[in-house]
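Here's the structure we're looking at; comments come further down.
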Amino acid sequence: MHGANLGTLLRTCDAVGACLAVPPFGWVDQALARGNTLRQPACVHRVGNPLRWLADERRAGTTVLGVELADEAVRLADLSPARQRTVVVLGHEANGIPPEALDLLDGAVEIPMIGTGSSLNVAVAGSLVLYKLAALL
């Protein structure tokens with residue numbers, strides 16, 4: 001929902017040794033610049049068609065995890081560190097991951113919420129999952 005979230009996610013990706021894949025939307029470059037305070041270039045992959053890219057990654061053996069409320073989602077605390085190439089899919093803060101992308105997931109991760117909110121800021125949610133997958137939490 002807010003452009004600075006991409007820059008924040010880019011900083012987290014850099015911190016855990018990951019890359020950020022972004023769609024070809026016109027606002028992406030400005031959004032990356034707004035929240036990014038890194039002093040050197042970071043790893044960013046621009047994917048022309050996100051759904052095709054996810055399908056290709058999955059066919060190549062990459063694990064595709066969504067951060068989403070789902071019946072069979074793994075709680076963040078129970079998520080095991082990644083042992084192979086893994087893509088984390090984050091959805092819109094209000095609408096979640098689009099249904100056509102849900103079909104491409106190998107699994108889902110749920111971040112438990114005790115308060116009244118139904119979701120965390122996407123940069124916060126993505127950062128928590130990335131640190132857990134990198135075994136840094």
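Odds and ends about this structure:
- Verdict on L51 being out of contact with any strand residue (DSSP E or B) (no Cβ under 7 Å at 6 or more places or on another chain) and not polar (S, T, N, Q): yes
- The criterion of being of a type outside the set (A, V, I, L, M), in contact with a Leu (Cβ under 8 Å, 6 or more places away or on another chain) and either under 19 Å from L20 (Cβ atoms) or surrounded by 11 or more Cβ atoms within 10 Å (Cβ to Cβ) (or both) does not hold for H92.
- Of the candidates S118, S80, the single residue that is among the polar types (S, T, N, Q), surrounded by fewer than 14 Cβ atoms within 10 Å (Cβ to Cβ), more than 20 Å from A21 (Cα to Cα) and at pLDDT 95 or above is S80.
- Residues of the range 102-137 that are part of a helix (DSSP H, G or I) and touching a Pro at 6+ places or on another chain (Cβ under 7 Å): L133 alone.
- In the range 16-34, the residues that are more than 19 Å from N49 (Cβ to Cβ) and touching a residue at least 40 places away in the same chain (Cβ under 8 Å) reach residues that are assigned to a loop (DSSP other than H, G, I, E, B) and not aromatic (F, W, Y) with C-beta atoms within less than 9 angstrom, at least six apart or across chains, in these pairs: V16/A134; V16/L136; G17/C43; G17/A134; A18/C43; A18/A134.
- The set of residues in the range 40-63 that are touching a Lys or Arg at 6+ places or on another chain (Cβ under 9 Å), within 22 Å of G107 (Cβ to Cβ) and free of Cβ contacts under 8 Å to residues at least 40 places away in the same chain comprises E57, A60, G61, T62.
- Complete set of residues in the range 82-93 that are in a loop (DSSP other than H, G, I, E, B) and within 15 Å of the chain's Cα centre (by Cα): A82, R85, L90, G91, E93
- Top-ranked residue of the range 104-115 - restricted to ones that are surrounded by 11 or more Cβ atoms within 10 Å (Cβ to Cβ) and farther than 15 Å from V74 by Cβ, ranked as modelled with the lowest pLDDT: M113
The values are calculated or read from the model by the stated rules, or taken from the named source; none is laboratory data. Quick caveat, the model's predicted, so the values are computed rather than measured. Because the Cβ atoms are built from the backbone with ideal geometry, glycine has one as well, and the counts that use them run over all protein chains shown.
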